[in-house]
Amino acid sequence: MKHLTFELQEDNPNEPAVGLVVLQSDETMEHELRLWLPDSVRLFHTRIPNAQEVTAETLHQMKQELPKVTALLPDTTDFKVIVYGCTSGTTVIGEREVEAAVKSIFPNTAVTNPLSAVKANLAALNVKRLAVLTPYIPDVSKAVMAEIESAGIEIVRAASYHEIMDNRVARISGDSINSAIDELGTPQDIDAIFASCTNLKMHSLIDQASARVGVPIISSNSALAWHIQHLLSLSN
């Protein structure tokens, strides 16, 4: 067999690498981020074990797993951003704790999560009054909303499906989501609507729904896509 020689080439700086820590139960985030992000962004995925039942207790269990699964991303890749993909998980674990866990493996990489991304996106849009849609059980919903309110945003009204099973959240129909958005968008006394959870399918309906109710609609995944691109622009 002939021994071939080869040359190595450096990674293209115009094709930045982004790492995604995706929940084992998540069926939506990877697909929606791929649709929202430019094709030039290279996405690398790792999965974190989690329970199908979304409660404060099960969400907190991911904290100890986060460094382990982050370490499964290739350490030879120059990641510009790493994402922990859980809104409610970040709420329970804490934004700083999530960042510290990821940076324990990739200390020089920017870190984001849906909660931090939503706060940054709402601030960029100068949102002061917000309506919130969540799929969660009440105590998890209240915790997420308290985090948003801590950023100085008034939550005018909120609605939830009170669903505990993450696999069912991924299957909430577009009609059900549109109906909730129409209800939350009336009256038009708000600056935006936030639909929480990376497993809630929003990509196919968010633009038309926003045009219909007359205010921006931000989802966990749309905020992540926006924040990833913002962090990538800072790294250039």
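Out of LEU37, LEU43, report the one residue that is in contact (Cβ under 8 Å) with a residue 40 or more places away in the chain and assigned by TED's automatic domain parsing to the domain that holds TYR84. Residue meeting the stated conditions: LEU37.
Scanning the range 119-128 for any residue that is touching a residue at least 12 places away in the same chain (Cβ under 8 Å) and more than 19 Å from LEU224 (Cα to Cα) turns up at least one such residue.
From the list SER210, SER204, the one residue that fits, being in a loop (DSSP other than H, G, I, E, B) and either of a type in the set (Asp, Glu) or modelled with pLDDT of 95 or more (or both), is SER204.
Taking the range 65-168 and the helices (runs of 4 or more DSSP H) fully enclosed by it, the elements with 1 or more residues that are more than 15 Å from the chain's Cα centre (by Cα) are at 66-70, 95-103, 114-124, 138-149. With respect to the stated conditions, SER150 fails to be polar (S, T, N, Q), modelled with pLDDT of 95 or more and closer than 25 Å to ASP207 by Cβ. Among ASP139, ASP78, which is more than 19 Å from HIS230 (Cα to Cα) and in contact (Cβ under 8 Å) with a residue 12 or more places away in the chain? Exactly one of ASP139, ASP78 is more than 19 Å from HIS230 (Cα to Cα) and in contact (Cβ under 8 Å) with a residue 12 or more places away in the chain, namely ASP139.
Residues in the range 14-59 that are surrounded by fewer than 19 Cβ atoms within 10 Å (Cβ to Cβ) and β-branched (Val, Ile, Thr): THR46, THR55, THR58.
Residues are listed down the side, and each one gets a yes or a no for (1) among the hydrophobic types (A, V, I, L, M, F, W, C); (2) in the same structural domain as LYS201 (by TED's automatic domain parsing); (3) in contact with an Asp or Glu (Cβ under 6 Å, 6 or more places away or on another chain):
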| position | (1), (2), (3) |
| --- | --- |
| LEU72 | yes, no, no |
| ASP75 | no, no, no |
| PHE79 | yes, no, no |
| CYS86 | yes, no, no |
| PHE106 | yes, no, no |
| THR134 | no, yes, no |
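Annotation note: of ILE190, ILE177, ILE218, the sole residue that is in a helix (DSSP H, G or I), surrounded by 21 or more Cβ atoms within 10 Å (Cβ to Cβ), in contact (Cβ under 8 Å) with a residue 40 or more places away in the chain and out of contact with any Ser or Thr (no Cβ under 6 Å at 6 or more places or on another chain) is ILE177.
With respect to the conditions (1) free of Cβ contacts under 8 Å to residues at least 60 places away in the same chain; (2) touching a helix residue (DSSP H, G or I) at 6+ places or on another chain (Cβ under 8 Å), GLY152 falls short on a single one, namely (2).
The values are calculated or read from the model by the stated rules, or taken from the named source; none is laboratory data. Note that this is a predicted model, so its numbers are computed, not measured. Cβ: placed from backbone, ideal geometry, glycine included. Neighbour counts: every protein chain shown.
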